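Have a look at the structure below, then the notes.
The values are calculated or read from the model by the stated rules, or taken from the named source; none is laboratory data. Values in this document were obtained by computation on a predicted structure and should not be read as measured data. Note: ideal-geometry Cβ built from the backbone for every residue, glycine included; neighbour counts use all protein chains shown.
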Amino acid sequence: MNALAFSPLIGWTAMAALAGLALILFGLAAWKHAPGLGWRALAVAMLFVLLADPHSVIEERKPLSDIALIAVDDSASQKLGGRPVQSAAALAALKAKLERMEGVETRTVQGGTAPAGQSGTHLFAVVERALADIAPARLGAVILITDGQVQDAPERPPFAAPLHVLLTGAKTDKDRKLSIVEAPSFALVGTQTQIRIRLDETGAVPGTLVDLAVRQAGGAPEILRVPVGQVVPVRVPMRHAGPVLVEIEAPLLQGELTAANNRLAATINGVRDRLKVLLISGEPHPGGRAWRNLLKSDPAVDLVHFTILREPEKFDPTPEKEMALIAFPVRELFERRVAEFDLIVFDRYRRRNFMPAAYYENLVRHVRKGGALLIAAGAEFAGPDSLYRTALADVMPARPTGLVSGEPYRPQITATGKRHPVLTGLEAERWGRWLRMVALEPRGGQPVMSDEGGRPLLILERMGEGRVALLASDSLWLWGRGFDGGGPQAELMRRIAHWLMKEPALEEEALAAKAQDGKLVVERQSLDPNPAPITVTGPDGAEHRLTLQDQGDGKAVGSLPTPETGLWRVGDGLRAAVVAAGVVDPLELADPMASEARLMPLVQASGGGLFRLAEGGVPELVRRTPGDKAAGPGWMALRAPGEAQASGLAQKPILPGWAALVLALGLLMWAWWREGRR
């Protein structure tokens with residue numbers, strides 16, 4: 001009996017009134033010493049019991065099933081080798097064993113992929129979400145099917161049930177792993193920086209030498225022999241500004257778990273300490289300050305500017321102490337310091353007698369080794385004192401014909417110019433006219449601007465490792481004054497100067513790739529509308545051909561699905577790009593070997609067991625009461641707390657009504673009989 005209850009036949013108020021009346025009557029009878037009073041009181045009490053209808057209330061309880069929670073790790077490391085098959089087989093066997101156990105409910109959850117912005121396997125987050133719907137008293141056990149690489153494992157089990165781990169993988173698995181210990185984010189152009197890396201290999205003797213392939217900017221690989229288990233430097237020469245891509249690859253081991261961590265890529269941004277520009281102005285003209293103002297306004301440029309006002313042999317009667325001029329330091333600039341300048345600009349400069357031919361040859365060598373030369377030509381370029389009549393002719397993209405046109409014309413962008421980043425986006429329906437132009441005969445390079453008749457106006461050319469630009473007019477300044485509507489003077493001048501100084505964003509031949517919405521998006525900038533096809537190499541080494549769609553502005557774009565996570569390499573034979581596609585989780589691939597280390601403390605604290613599937617398969621399942629041992633060799637237990645829930649209430653009369661009535665009548669008759677004998 002769980003409780004005692006009453007269901008009075010006439011209500012408690014009436015019962016109280018009758019009880020009061022009975023007390024009065026019995027009080028009078030006792031005062032008069034009436035015989036048989038006790039038996040009559042018992043008879044009346046039985047009548048009150050009959051009216052109160054006492055009964056016991058019994059709670060009916062239904063046993064609840066115990067819950068076994070199975071959490072399957074489906075993170076990236078669980079997809080390596082034979083682990084997917086191993087996990088699926090273990091899950092099927094485990095469910096079959098649990099179905100044969102009475103009173104056990106099985107719940108299965110999958111997950112482990114880290115949320116956005118985090119790395120590693122987050123399997124316990126999945127477990128805790130599943131436990132939110134499970135009463136703690138019903139939890140029989142938590143069973144994890146995982147490789148043990150769980151980064152969100154807590155210090156203590158977040159539940160009171162046993163934790164069992166079925167470990168995938170095998171002790172005989174092999175893996176070779178490359179990792180970056182330290183890498184700079186930027187370095188100065190012209191210097192040599194280094195990336196510190198480490199190569200680890202399962203089962204290898206520390207110090208064993210392995211040949212690594214090191215590529216820079218898609219070039220030919222260089223072989224670097226490194227010892228296993230030691231941190232070694234990889235030297236990276238910073239040859240240009242902008243991103244410098246370095247790829248390092250270790251050869252694949254036979255039977256290795258994954259090749260994804262055999263390759264790594266690092267990008268170091270090359271920055272110039274300061275861009276040094278030498279501007280030499282010749283004859284004064286209205287646009288003489290245009291280049292000076294542009295270069296002085298750039299905070300990244302150190303400008304050295306000289307204006308040649310007269311030659312040394314010319315007589316000037318002004319006393320030297322009253323002159324604000326200095327002698328032009330020809331030897332210092334063109335012999336000692338010429339290699340310091342990133343860009344040398346000749347603005348309407350004509351050949352002078354004080355500059356020996358050898359200095360022009362120094363300039364030619366400087367350009368071929370990576371320097372830049374800009375010639376803003378005026379009428380002097382077509383005359384006998386033209387710079388073309390020096391050694392600089394070897395690096396000029398065109399020669400003057402000797403003619404100078406003074407007829408106004410509107411600058412145009414050529415078909416090549418429409419594909420060149422220096423001119424892309426600058427085209428307008430009506431630019432202002434220019435008033436003078438030197439006639440040129442192209443020898444090479446890319447004519448990106450012309451007059452209305454197609455005569456070259458601006459020619460850009462790569463010369464060895466350097467660059468040259470030839471502007472065949474001194475009328476560019478008119479745009480800055482708004483003449484005839486003007487034009488983009490400052491932007492055009494800035495782009496010409498920065499293309500010459502190798503700004504990455506203005507490269508006319510470039511290849512880039514990025515991962516976006518499950519695809520590898522490739523973009524190529526090229527002057528050729530039909531360049532070589534793209535070869536894409538996936539993380540598994542498989543090659544794919546990709547055809548890009550030309551956009552008409554020098555850019556061609558294409559995309560490719562990226563079903564596999566890892567580093568994808570894109571190349572066209574000359575350039576290369578590497579991009580991490582998919583959810584590349586460094587912790588997932590950092591150590592893909594199955595391990596007991598992270599989960600064993602939790603297993604021991606909960607009283608559970610850890611079992612390697614490769615060694616014994618799924619262990620037998622048994623039931624144990626709380627407090628008993630929950631795991632042993634070849635078996636693991638589910639806690640059986642015996643929880644139940646109320647399913648209803650049952651009422652049982654303590655004394656049936658007929659029995660109470662018989663007793664009351666019997667007592668009355670007994671009292672009457674005793675009274676009659678007196």
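Table: residues versus (1) without any contact (Cβ under 8 Å) to a residue 60 or more places away in the chain; (2) farther than 27 Å from VAL395 by Cα.
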site: PRO488; (1), (2): no, yes
site: ALA505; (1), (2): no, no
site: PRO529; (1), (2): no, no
site: HIS544; (1), (2): yes, yes
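Among the candidates PRO157, PRO184, which residue alone is surrounded by 14 or more Cβ atoms within 10 Å (Cβ to Cβ) and not assigned by TED's automatic domain parsing to the domain that holds ASP73?
PRO184
Output the residues belonging to the stretch 144-167 that are in a loop (DSSP other than H, G, I, E, B) and over 27 Å from the mean Cα position of the chain (by Cα). Before the answer, list the steps.
Start the filter on the stretch 144-167 by keeping residues that are in a loop (DSSP other than H, G, I, E, B), which leaves 147-162.
Selection gives GLU155, ARG156, PRO157, PRO158, PHE159, ALA160, ALA161, PRO162.
Confirm whether ILE344 is closer than 20 Å to PRO447 by Cα and in the same structural domain as ASP302 (by TED's automatic domain parsing).
So ILE344 does not fit the description; no.
For the stretch 402-441, what are the residues that are among the small types (Gly, Ala, Ser), closer than 16 Å to ALA472 by Cβ and under 45 Å from the mean Cα position of the chain (by Cα)?
Residue satisfying the conditions is GLY417 alone.
Taking the options VAL338, VAL345, name whichever one is closer than 28 Å to VAL448 by Cβ and modelled with pLDDT under 90.
Matching residue, one of VAL338, VAL345: VAL338.
Among ALA43, ALA137, ALA141, ALA90, which is the only one that is assigned to a helix (DSSP H, G or I) and at pLDDT 90 or above?
So the residue among ALA43, ALA137, ALA141, ALA90 that is assigned to a helix (DSSP H, G or I) and at pLDDT 90 or above is ALA90.
Could you list, in sequence order, the residues of the stretch 460-476 that are more than 12 Å from MET449 (Cβ to Cβ) and assigned to a strand (DSSP E or B)?
Residues satisfying the conditions are GLU461, ARG462, MET463, GLY466, ARG467, VAL468.
Considering every residue within the stretch 97-112, establish whether at least one is within 30 Å of ASP540 (Cα to Cα) and out of contact with any helix residue (DSSP H, G or I) (no Cβ under 9 Å at 6 or more places or on another chain). Before the answer, list the steps.
Keep residues of the stretch 97-112 that are within 30 Å of ASP540 (Cα to Cα), which gives 109-112.
Now narrow it down to the ones that are out of contact with any helix residue (DSSP H, G or I) (no Cβ under 9 Å at 6 or more places or on another chain): none.
The answer is no; no qualifying residue exists.
Condition check ((1) on the phi < 0 side of the Ramachandran plot; (2) not assigned by TED's automatic domain parsing to the domain that holds GLY466) across all residues:
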| residue | (1), (2) |
| --- | --- |
| GLN192 | yes, yes |
| GLU222 | yes, yes |
| GLY229 | no, yes |
| ILE280 | yes, no |
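Residues are listed down the side, and each one gets a yes or a no for (1) under 24 Å from TRP635 (Cα atoms); (2) not assigned by TED's automatic domain parsing to the domain that holds ASP211:
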residue	(1), (2)
LEU80	no, yes
GLN86	yes, yes
ALA96	yes, yes
HIS122	no, yes
LEU139	yes, yes
ASP147	yes, yes
LEU163	yes, yes
LEU166	yes, yes
LEU188	no, no
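Residue by residue through the stretch 473-508, note down the ones that are within 28 Å of THR537 (Cβ to Cβ) and at pLDDT below 90.
Answer for the stretch 473-508, where residues must be within 28 Å of THR537 (Cβ to Cβ) and at pLDDT below 90: LYS502, PRO504, ALA505.
Which ones in the stretch 79-106 are in contact with a Pro (Cβ under 7 Å, 6 or more places away or on another chain) and within 17 Å of ASP173 (Cβ to Cβ)?
If the condition is that a residue be in contact with a Pro (Cβ under 7 Å, 6 or more places away or on another chain) and within 17 Å of ASP173 (Cβ to Cβ), then LEU80 is the only one that fits.
Any chance you could count how many residues in the stretch 255-306 are in a loop (DSSP other than H, G, I, E, B) and of a type in the set (Lys, Arg)?
If we filter the stretch 255-306 for residues that are in a loop (DSSP other than H, G, I, E, B), which is where we start, we get 255, 257-259, 272-274, 282-289, 298-300.
If we keep only those that are of a type in the set (Lys, Arg) too, we end up with 272, 274, 289.
Summing the residues that are in a loop (DSSP other than H, G, I, E, B) and of a type in the set (Lys, Arg) in the stretch 255-306 gives 3.
Applying the selection to the stretch 495-511, what residues are among the hydrophobic types (A, V, I, L, M, F, W, C) and buried (at least 16 other Cβ atoms within 10 Å of the Cβ)? Lay out the reasoning, then the answer.
The first filter runs over the stretch 495-511 and keeps only residues among the hydrophobic types (A, V, I, L, M, F, W, C), leaving 496-497, 499-501, 505-506, 510-511.
Passing the criteria: ILE496, ALA497, TRP499, LEU500, MET501, LEU506, ALA510, LEU511.
Taking GLU283 as meeting all but one of (1) without any contact (Cβ under 8 Å) to a residue 60 or more places away in the chain; (2) of a type in the set (D, E, K, R); (3) under 30 Å from GLY482 (Cβ atoms), write down the number of the exception.
(1)
Yes or no, residue by residue, for (1) of a type in the set (Ser, Thr, Tyr); (2) farther than 12 Å from ARG410 by Cβ; (3) free of Cβ contacts under 8 Å to residues at least 24 places away in the same chain; (4) surrounded by 22 or more Cβ atoms within 10 Å (Cβ to Cβ):
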| site | (1), (2), (3), (4) |
| --- | --- |
| LEU457 | no, no, no, yes |
| ASP474 | no, yes, no, yes |
| ASP484 | no, no, no, no |
| MET493 | no, yes, no, yes |
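Is it the case that some residue within the stretch 262-269 is surrounded by fewer than 17 Cβ atoms within 10 Å (Cβ to Cβ) and either in the same structural domain as ILE195 (by TED's automatic domain parsing) or not aromatic (Phe, Trp, Tyr) (or both)?
Yes: the stretch 262-269 contains one or more residues that are surrounded by fewer than 17 Cβ atoms within 10 Å (Cβ to Cβ) and either in the same structural domain as ILE195 (by TED's automatic domain parsing) or not aromatic (Phe, Trp, Tyr) (or both).
Any chance you could count how many residues in the stretch 514-526 are over 23 Å from the mean Cα position of the chain (by Cα) and surrounded by fewer than 17 Cβ atoms within 10 Å (Cβ to Cβ)?
The qualifying residues number 0.
What helices (runs of 4 or more DSSP H) lie completely within the stretch 584-678 and have 1 or more residues being under 53 Å from the mean Cα position of the chain (by Cα) and modelled with pLDDT under 65?
The helices (runs of 4 or more DSSP H) meeting that bar are 586-590.
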